[in-house]
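Inspection log for the structure reproduced underneath, given as structure tokens.
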Amino acid sequence: MKYLFLVILVFCVIILFAVMIKGRKFFLCILSSLLQGIAAMFAVNVLGMVTGFHIAVNWYTIAFSALFGTPGVIALTVAHFIFSR
């Protein structure tokens, strides 16, 4: 199961990079995704002070949200709700 998740993650990263390279604005797209992911994670944690929900800030969650952007933060939020109950 552990390796299946890793294979799916690598496959998603390859598809993400293929789409970014095809668009000819590779570095701008990566920078935009990185900033959006970090900003979304910050917003979730700031709003979490009101709601009591937060995403742990560590190297894994920062890298995941930076790599996948806002959908990555949404995936972290959904995973937190699924696995915390």
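The values are calculated or read from the model by the stated rules, or taken from the named source; none is laboratory data. Given the structure is predicted, the values throughout are model-derived calculations rather than measurements. So basically every Cβ, Gly included, is an ideal-geometry build from the backbone, and we count neighbours across all protein chains shown.
Below are the figures for this structure:
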| read-out | value |
| --- | --- |
| Residues of region 54-80 satisfying the condition of being more than 14 Å from C12 (Cα to Cα), surrounded by fewer than 17 Cβ atoms within 10 Å (Cβ to Cβ) and not polar (S, T, N, Q) | H54, A56, V57, W59, Y60, I62, A63, I74, V78, A79, H80 |
| The one condition in (1) of a type outside the set (F, W, Y); (2) modelled with pLDDT of 85 or more; (3) in contact with a helix residue (DSSP H, G or I) (Cβ under 9 Å, 6 or more places away or on another chain) that L47 fails to fulfil | (3) |
| Subset of region 20-53 [aromatic (F, W, Y) and surrounded by 11 or more Cβ atoms within 10 Å (Cβ to Cβ)] | F26, F42, F53 |
